[in-house]
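We did not get these values from a lab; they are worked out from the coordinates using the rules stated. Computed from a predicted structure; not experimentally measured. Cβ: placed from backbone, ideal geometry, glycine included. Neighbour counts: every protein chain shown.
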Ligand code: NAD
């Protein structure tokens, strides 16, 4: 496919203004939902082939999520699109002020492999709702999902409106050489930097949904049974290949032995004693990632798990104790089923340590103490998170989802997706019935009725 001419086609189509009316946008969202419904079985099969994801996990995290977003958008879009009337200062007497929501134009969405269906289409919903055209580049590391996306989308939509361009890094690089009106990227921090640099050359607005090391902190007041279950679930779902998975556990010394014992029980309950053979347990995406994770198993002291099967690309849910901040496992986002454990003695220590690292995408804090909760929420910057749970904030469409600084720029989900793909155009609508002369240099103060 000739990429520059594809972009030209999309720009020409955008300029026809056909994507503007609400009726068009809603029709496209509904059409997409129907197609996903029609292809549900193939989507589940592709996810099984690429990541060994169970039907339950695939349906809830990749498909149902999109249905919920589409339903909300169809219901709320009219309200979101309306020009917003805002206050006008007395100095502007006679005028009214509005914010209009304008689609950017031709959008590029680049997606990662870990939730390869959902993370490709969730941003696209925002692009469609806001009236843009879309070129979607799925991840090459999940080829079954990528080619299914191409089939579904390219049989459903005109390529001048919404199309999938498959390919690896070179294709992504070629796309990034072009001029888009907005780029929405989900992926790693290093590639996020490349995307931002390329966008800067054209001054293209970007949304970057990146990663990082998201802590889960458990203090001595926390309800440990619940903490253990919720941490195990959030960490090992999708075999830890979740951008907002708790990356490491930071626990108060007094409750550490009890929490770790409960955590082991919780893992057993979720995946049984033979997780490697459990059909419900997701595998590692490829050998490169398996080999990246494997050496971490040597860090600290193995407390739970540690078994692997390289041929099957599967790694047991694993807990590593006696980890130090200098261990290799603490230098990069883990993005796999390995949970290192660090210990603290005071909340000040937690604040100081976490603040000294890059601002994380997510943070989870288990506590029963409101004052401590406020301290953590006020003193540590991070993208978003939960108190007394993990991951759930991502599934509330009323909460904008995104990182901050190194973990991302901008946010999406629900209305935030519409906003991410809309320019907010500010307009003062001035009266022509009268005019104040005081703003003009040299003129006397006064009012002239026109
Ligand atoms: P990645 O950055 O390697 O790849 C993402 C996309 O960028 C792919 O489509 C890939 O083809 C493309 N790409 C790769 N290298 C490129 C280059 N040099 N130039 C241009 N394009 C390039 O990320 P990944 O491994 O697919 O995903 C894992 C990362 O994504 C993790 O860091 C994770 O935290 C992050 N992530 C973030 C979110 C979020 O919502 N914030 C969600 C999922 C994953």
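Counted over all Cα-Cα pairs of region 146-238, pairs farther apart than 18 Å make up 64 percent.
Size of region 302-450 from its Cα atoms: along the principal axes, largest to smallest, the extents are 84, 40, 29 Å. The ranking of 1, 73, 315 by Cβ neighbour count inside 10 Å, starting from the fewest, reads 1, 73, 315. In summary, the convex hull built on the alpha carbon positions of region 258-352 has an orientation-averaged projected area of 6.7 nm².
Going from the residue with the fewest nearby Cβ atoms within 10 Å to the one with the most, 325, 113 rank 325, 113.
Along its three principal directions, the equivalent ellipsoid of region 367-434 from the Cα gyration tensor extends over semi-axes of 35, 16, 12 Å, largest first.
The helix-only estimate of mean residue ellipticity at 222 nm for the chain, built from DSSP H runs of length n ≥ 4 each weighted as -39500 (n - 2.57), is -12000 deg cm²/dmol after division by the residue total.
Report the Stokes-Einstein translational diffusion coefficient (µm² s⁻¹, integer) for region 74-141, Rh taken as the Kirkwood radius over Cα pairs, at 10 °C with viscosity 1.306 mPa s. It diffuses with D of about 109 µm²/s by this estimate. Relative intensity of region 317-375 on a log10 scale, I(q)/I(0) at q = 0.20, 0.26 Å⁻¹, equals -0.97, -1.39, per a Debye sum over C-alpha point scatterers of equal strength in the absence of solvent. Considering the chain at the alpha-carbon level, its Rg and Dmax are found to be 24.7, 87 Å.
Pair-distance distribution P(r) for region 49-109, from all Cα-Cα distances in 10 Å bins starting at 0: 16, 24, 26, 18, 9, 5, 2 percent. Across all Cα atoms of region 174-305, the radius of gyration (one decimal) and Dmax (whole number) stand at 19.1, 56 Å.
The alpha carbons of region 39-158 occupy a box of 64, 27, 23 Å along the principal axes, longest dimension given first. Give the angle, between 0 and 90 degrees and rounded to the nearest 10, that separates the Cα long axis of helix 256-271 from the longest principal axis of the Cα atoms of the chain. Rounded to the nearest ten degrees, it is 80. The long axis of helix 143-156 is offset from the longest Cα principal axis of the chain by roughly 30 degrees. Against the chain, whose longest principal axis is taken from its Cα atoms, helix 118-129 shows a tilt of about 10°.
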